[in-house]
Amino acid sequence: MRDYKIAPSILSADFARLGEEVTNVIASGADIVHFDVMDNHYVPNLTIGPLVCEALRKHGVKAEIDVHLMVKPVDRIIPDFAKAGATYITFHPEGSEHVDRSLQLVRDSGCKSGLVFNPATPLDYLKYVLDKVDMVLLMSVNPGFGGQSFIKSSLDKLREARKLIDASGRKIRLEIDGGVKVDNIREIAEAGADTFVAGSAIFSAGKAGDANRYNTVVKAMRDELAKAKV
Ligand code: DX5
Ligand code: ZN
């Protein structure tokens, strides 16, 4: 079995109680905090910045934080997220004039780097920068909002990305983001993903006020992953 990681997207969490939400979701067995940054320019929505990342660290969050930049341009804000405690910083090639330089900037800032591909963005960039990425993130929805449906053609794209990564022999995570649920996570794993972002599927689970509300859904995802044939 691959080393699967579940990455709840806090976009669907209760922002008024964010520290507690993140503590609870990690305690439920999730692995990575997926942190969606939107700028109302690259994508038509506006979310959170480095101050919130830093606040989570100050709150005591020790888990890896996976900062998904849906912003344009990206370079100015990369060092700020590194200082704020990001583990991974991923960005869209459309958000950078110089993709190779931005990837290098992420690593020089002390973080793990990643490139994000929208549903209609070809994987072409990847083959030239495989030595500079720690994560490849495939969007299985168009970026900007939680709660959208998984775009099926992402499965073929996952298979393609998995081949490229395996052929490189490098240790690169393959993450999928958008529309991941208990009922499709196994099929997504079988197509090659090893890191699963899930926002609405996790944060809509259970009863408000119950600290253990996310245990059942995270366990159900893990049980499905354990059945995946890869
Ligand atoms: C969308 C974001 C996602 C989003 C996923 O632009 O990048 O991380 O939160 O949400 P769900 O899991 O609800 O599709
Ligand atoms: Zn995301």
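Of note:
- Test result for Ala82, within 14 Å of ligand 1 (Cβ to nearest atom), crowded, with 20+ Cβ neighbours inside 10 Å and of a type in the set (Gly, Ala, Ser): no
- Meets criteria (open to solvent by 20 Å² or more (accessible area, probe 1.4 Å) and either under 21 Å from Ala30 (Cβ atoms) or out of contact with any strand residue (DSSP E or B) (no Cβ under 9 Å at 6 or more places or on another chain) (or both)) for Tyr88: no
- Single condition Val61 does not satisfy, out of (1) among the aliphatic types (A, V, I, L, M); (2) within 23 Å of Leu11 (Cβ to Cβ); (3) not in a loop (DSSP other than H, G, I, E, B): (3)
- Residue match in the range 45-57 (condition: within 24 Å of Leu225 (Cβ to Cβ), aliphatic (A, V, I, L, M) and out of contact with any strand residue (DSSP E or B) (no Cβ under 6 Å at 6 or more places or on another chain)): no
- Screening Glu21 against (1) open to solvent by less than 40 Å² (accessible area, probe 1.4 Å); (2) over 20 Å from Met135 (Cβ atoms); (3) not in a helix (DSSP H, G or I) leaves a single unmet condition, (3).
- Boolean, Phe15 is free of Cβ contacts under 8 Å to residues at least 40 places away in the same chain and within 16 Å of ligand 1 (Cβ to nearest atom): yes
- Scan of the range 27-68 for residues that are of a type outside the set (Asp, Glu) and open to solvent by 50 Å² or more (accessible area, probe 1.4 Å), ordered by number: Ala27, Asn40, His41, Pro44, Leu46, Leu51, Ala55, Arg57, Lys58, His59, Lys62
- For Arg2: the one exception among (1) open to solvent by less than 60 Å² (accessible area, probe 1.4 Å); (2) touching a residue at least 40 places away in the same chain (Cβ under 8 Å); (3) not in a helix (DSSP H, G or I): (1)
- Residue count for the range 99-114, restricted to those that are open to solvent by less than 10 Å² (accessible area, probe 1.4 Å) and either small (Gly, Ala, Ser) or within 14 Å of ligand 1 (Cβ to nearest atom) (or both): 3.
- Counting the residues of the range 27-41 that are touching a Pro at 6+ places or on another chain (Cβ under 8 Å) and not in a strand (DSSP E or B) gives 1.
- Among the residues of the range 152-175, just one is closer than 22 Å to Asp66 by Cα, within 15 Å of ligand 1 (Cβ to nearest atom) and out of contact with any Asp or Glu (no Cβ under 9 Å at 6 or more places or on another chain), namely Ser154.
- Answer from Leu11, Leu56 - the residue that is part of a helix (DSSP H, G or I) and over 23 Å from Ile188 (Cβ atoms): Leu56
- Of the strands (runs of 3 or more DSSP E) entirely within the range 129-203, those holding at least 2 residues that are more than 12 Å from ligand 2 (Cβ to nearest atom) and either touching a helix residue (DSSP H, G or I) at 6+ places or on another chain (Cβ under 7 Å) or open to solvent by 10 Å² or more (accessible area, probe 1.4 Å) (or both) occupy 173-177.
The values are calculated or read from the model by the stated rules, or taken from the named source; none is laboratory data. The shown structure was predicted, so the numbers you read here are calculated from the model rather than taken from an experiment. Every residue, glycine as well, gets a Cβ built from its backbone with ideal geometry; the counts of neighbours run over all protein chains shown. Ligands, DNA and RNA are stripped out before the accessible areas are found, and what is left, the full protein with its side chains, is counted by its heavy atoms. Shrake-Rupley method; radii C 1.70, N 1.55, O 1.52, S 1.80 Å.
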